1. Could you tell me whether region B:499-507 includes any residue that is open to solvent by 80 Å² or more (accessible area, probe 1.4 Å), part of a helix (DSSP H, G or I) and farther than 23 Å from B:Gln224 by Cα?
2. Would you confirm, using the coordinates I've provided, whether A:Ser215 is at the interface with chain B (Cβ under 8 Å from one of its Cβ atoms) and either open to solvent by less than 10 Å² (accessible area, probe 1.4 Å) or part of a helix (DSSP H, G or I) (or both)?
3. Taking the residues in region A:380-439 that are surrounded by 14 or more Cβ atoms within 10 Å (Cβ to Cβ) and among the β-branched types (Val, Ile, Thr) as candidates, determine which candidate is farthest from A:Val314 (Cα to Cα).
4. Residues that are touching a strand residue (DSSP E or B) at 6+ places or on another chain (Cβ under 6 Å), at pLDDT below 90, open to solvent by 20 Å² or more (accessible area, probe 1.4 Å) and hydrophobic (A, V, I, L, M, F, W, C): does region B:56-63 have at least one?
5. Got a sec? Which of B:Val611, B:Val586 is open to solvent by 60 Å² or more (accessible area, probe 1.4 Å) and either within 30 Å of B:Arg523 (Cβ to Cβ) or touching a residue at least 24 places away in the same chain (Cβ under 8 Å) (or both)?
6. Would you say B:Gly218 is farther than 24 Å from B:Thr342 by Cα, assigned to a loop (DSSP other than H, G, I, E, B) and within 16 Å of the ligand (Cβ to nearest atom)?
7. Please determine, by comparing only the residues of region B:7-36 that are within 14 Å of chain A (Cβ to nearest Cβ) and within 16 Å of the ligand (Cβ to nearest atom), which one is surrounded by the most Cβ atoms within 10 Å (Cβ to Cβ).
8. Among the residues of region B:84-102 satisfying the criterion of being more than 7 Å from every other protein chain (Cβ to nearest Cβ) and within 12 Å of the ligand (Cβ to nearest atom), which is farthest from the chain's Cα centre (by Cα)?
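The values are calculated or read from the model by the stated rules, or taken from the named source; none is laboratory data. Nothing here was measured: the structure is a model prediction, and the numbers come from that model. Heads up, the Cβs are rebuilt from the backbone with ideal geometry, glycines too, and the neighbour counts pull from every protein chain shown. Note: accessible area is taken over every heavy atom of the protein model, side chains too, but ligands, DNA and RNA are not part of it. Shrake-Rupley method; radii C 1.70, N 1.55, O 1.52, S 1.80 Å.
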Amino acid sequence: MPGLLGYRGPAERLLREAEASVGDVLEVQTGGEKVTGTLVPRYEHDDDRHIVIKLKSGYNVGISVERVSKVVRLAEGEEPKFVAPKRATGGGLPRVSVLGTGGTIASRVDYRTGAVSPATTAEELYSLFPELADVASITPEIVMSVYSENLEPVHWGELAKKVAEAVAGGQAGVLITMGTDTMGYAAAALSFALKGVPIPVFIVGSQRSSDRPSSDAFLNLIGAASMAAGAGFSGVYVVMHADSSDERLAVHRGTRVRKDHTSARDAFESVGVEPVAFWSREGIAVNAREAPPPRGRAEGFEARPRFDPRAALVKFYPSMPAGYLEAVLGSGVRGVVFEGTGLGHINAKSVEAVARFVAAGGVVCMTSQCIWGRVDMNVYDTGRDLLKAGVVPLEDMLPETALAKLMWALANSPSAEEARRLMAEDLAGETTPRTVQRR
Amino acid sequence: MERASLPFDPEACQFRVGLEVHQQLAAGRKLFCPCPITKSDELPLAFERRLRPTQSELGQIDPAAVFEFNKGRVNLYRWNPESACLVEADEEPPHPPSTEAVETAMLMADVLGSRVVDEVHFMRKLVIDGSNTSGFQRTAIVGLGGSLRVGGAKVGVLTVTVEEDSARVLKEGAQAREYALDRLGVPLVEIALDHVAGVPEHVEAVALSLGRALRSTGRVARGQGTIRQDLNVSLLGGQVVEVKGVQKLGLVAKVVRYEATRQMGLVKIAEEVKKRGVEEVESRAADATDVLRGTASPVLRRIIQGGGVVTCVAFPRFAGLLGLEPFPGVRLGKELAEIARTNGLGGVIHSDEFAKQGLTEDEGVALRALAGSDSGAALVLVAGDASRVVTVAALVAERVKRAPLGVVGETRAATDEGETRYLRPRPGAARMYPETDIPEIVVTDAMKARVGGLLPVRWEEKVASYSREYSLSEEAALQLYDSGDSGLFEELVSRLRLEPSVVAAMLVEIPVRLSREGVDESRITPEALGATLAAVDSGRFAKEAAVDVLRAIGRGEARDVDEAVERLGLKGMGDEELEEAIAGVVSRNRELIAEKGDRAFSVLMGEVMKVARGKVDGKKVSSLLREAMKE
Ligand SMILES: [Zn+2]
């Protein structure tokens, strides 16, 4: 790691004078005292008046530039070299493709500087997760390196194409590793783009990064890999911890899953349905009530990977100004999903703007910010007015799923009318006809 | 005289001990969340986790981490929302650190003349034995350098760190451990001292002085187990052994002595190994389950019949070395047994003790044939559950291979008996990386000034002032200071009429006595002590009854002094009632008094006290009784 990573201003000047680089061993003299250790990088948001030294004991300490009388460079730093330990490589086992998107599920830490870097080869993956070699023969590929919050519809499309290639290439299953923030959206998007996919596609992440001994990544990845290799069902699912323990994984249908906690391991939840299966070291327990489709034949499967990002998700709130909605509708979007209140409402003064947008060819759909339960726009006047204005009620579809579906429907429909029809139709288990789960 | 306690000259053998003292702080909250610091008796919630070693950029995995992982251990954590939250459960990132705790660490650094760093960086120190849910301990250096005064000498301070305490162990096992989350995250200050000559009593004196210096800040937690010492012990040519968790100061010297003897014994065993010309130790392992199926050894028979297996590891030219005992209790065989026990087996059986363990000579011959060894080889039998035996046999072979080194660097635990037992290999250096969830703390001049204003009187001066102002003996003053209740003492003597020496004695003696009886000392709060002494002061009961009152509170039989008085029937005795009782005793014993005179006093005193104990001060009884006897 060359240069002066993260150092600016006075700190950078001081280090430059000493011809020091990150990783070098320095003696920093301050008055009568001196501190000896390795220069480590500084984070971008930190101030420019301190340098950080890693002592021999492994501790970092920050030293104020103003106190430093002299910096002596004692030794040049060693370039970190990663040598993956030799492992069995899962030969003879079902082939599973692992698509990386930039989440921290498979990364290791440089204890010298504290930098974290992703695993990019099969050897590295096996060395990080040796048990993988017991369950599958892995083909890893880093498709992109994007934080979850920066993933866009175009990335979903790329992933869908990669999955289609894996299907054509005879892979038994696909894992997609991803940051968890927008995993719910991606799972829904891929469910539509990969409708009818004949193999299981598991989106996996971790709530604790894999550089930590307590990371949930290990169990999530190994459980998902063993299911990708051996589960008897197909489709797009999110696989994460079922609860706080490192024991059971829940397999959530891609269109019915939501991140419902900011930090816990079991943040993901199936809403309105039960998980389609649970995995533990003892095996896979498929939930007969949710009946996931069996594996199918690769022939005849075709992905529809196009998305039109010109769609918006608008959460209605009390006092939402008419101008706010008009600004959204006038921003060039072709469709809007509302997260309405209760059974699916927005305030009366917004109805006219919605009607105009629909009349001009826009697609407007209604979901509920209650998350649980189903919209019903026939109960109150506002609901009936919205229906009359052309709003499509989306039953118990999750708002995030509805947005992903709308982006997909807009890209895959010749007309607004057809897009509205697709939105109302259940394509990938995104709506249920009967509400049976109470919460 | 001190040196006589070691079987060798510590100077000549460069026997060194470095102390690391961990002091719990009396803080209002935990270090990385606002959870209160309280011990939960009930732990209704639970979850299970497995910790894994993680890999560094250099492809290295911490040896201690791999060791723990190989044990395939599942950790069960029990918790109560009253004393832990999702931060302790490793389900939520840490909150910003407690300013109070960081400033206390700065204050302690100041007391020790340690230089406070300009920026405090929290690190993750890998600890995967399960005692931290995250798999690491969060820790930061606050001060560098400084010195501690011990008698006339000075001991160098290396670092002052602030860190989170580990989870409380509920149940220990090789395959599964249970922890409580209530203690996890309690702020600790760790002081690492430069090593000193390993004279046991001197090391203990250093630990004592350090504890007193920290106490002078008035910010340390009360009670047993709130200060723990780790010792880094080494001698000439040997690797450093880390002894963790000496719970009582009074055990430090004993542990040092034990470890000194053990280490020197291992050096002597190594010399024997070298005398035999063994440079590189070979080992051969073979499955001996079938050979021993009909064994006469009860232990092995039980294991094999229970479906277990036996591996026999042979070490050529090692016959007699495993049982060799240069000092009482120091044997290579014992080291191997400890490794086996730490890994879930009952121990090992080696060829020097075959007969003792009930193995026949024929079996010995058969085992040697199996291992392809002659009588010059030592054999080690590792028996138990198949999943453990292979790992343990490998660890045993690894340990014997290092016998020529003498002392092997490892982490050991101090026992309550003042001995040490094997815990795990010593962690490598590459086990710390930055805690990216916590921004660094820039130490401002304002912080330094605030902390500087809190600098306490040195403990030596404080103790001297107690003996001067309250006419306490030097020893009593020191005991009072060490009790941690000197603040309470000052408050009580200022408002009670009791003699300071009486208050000091009660504050020192009662908690010690009750703690020896096994009473929960966390219930003997300063409030309970204060209320009890105030009741004595106002004559509600005699000072002799104070211990009974506090015992009742400590055992949870009474919530406060009033309830205890009620429960124990400690209604004080009126003067009239006492005089009546004395008159009765005197009249019943007229003859005895006539016969023995003053020598009858103790008998009569005993009789009066039968009814007056705990109700009236003994001194008062004795003076009234003497008067009555004169009449
Ligand atoms: Zn907490």
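1. Looking for residues that are open to solvent by 80 Å² or more (accessible area, probe 1.4 Å), part of a helix (DSSP H, G or I) and farther than 23 Å from B:Gln224 by Cα, one finds none in region B:499-507, hence no.
2. Yes.
3. A:Thr432
4. From region B:56-63, those touching a strand residue (DSSP E or B) at 6+ places or on another chain (Cβ under 6 Å) are B:61-63; that's our starting set.
After this cut, where a residue has to be at pLDDT below 90 as well, the list is B:61-63.
Add one more test, that the residue is open to solvent by 20 Å² or more (accessible area, probe 1.4 Å), and what stays is B:61, B:63.
Now drop any that are not hydrophobic (A, V, I, L, M, F, W, C), which leaves B:61.
Looking through region B:56-63, at least one residue is touching a strand residue (DSSP E or B) at 6+ places or on another chain (Cβ under 6 Å), at pLDDT below 90, open to solvent by 20 Å² or more (accessible area, probe 1.4 Å) and hydrophobic (A, V, I, L, M, F, W, C).
5. Answer to the check: B:Val611.
6. When the stated conditions are applied, B:Gly218 does not pass them.
7. Our first condition is that a residue be within 14 Å of chain A (Cβ to nearest Cβ); within region B:7-36, this holds for B:18, B:20, B:32-33.
Okay, now just the ones that are also within 16 Å of the ligand (Cβ to nearest atom), so B:32-33.
Working: B:Phe32: 25, B:Cys33: 21.
Among them, the one singled out is B:Phe32.
8. Filtering region B:84-102 for residues more than 7 Å from every other protein chain (Cβ to nearest Cβ) gives B:84-85, B:87-88, B:94-102.
With within 12 Å of the ligand (Cβ to nearest atom) added as a condition, the list becomes B:84-85, B:87-88, B:94-95, B:98.
Values: B:Ala84: 23, B:Cys85: 26, B:Val87: 26, B:Glu88: 23, B:Pro94: 28, B:His95: 29, B:Ser98: 26 Å.
For region B:84-102, the residue satisfying everything is B:His95.
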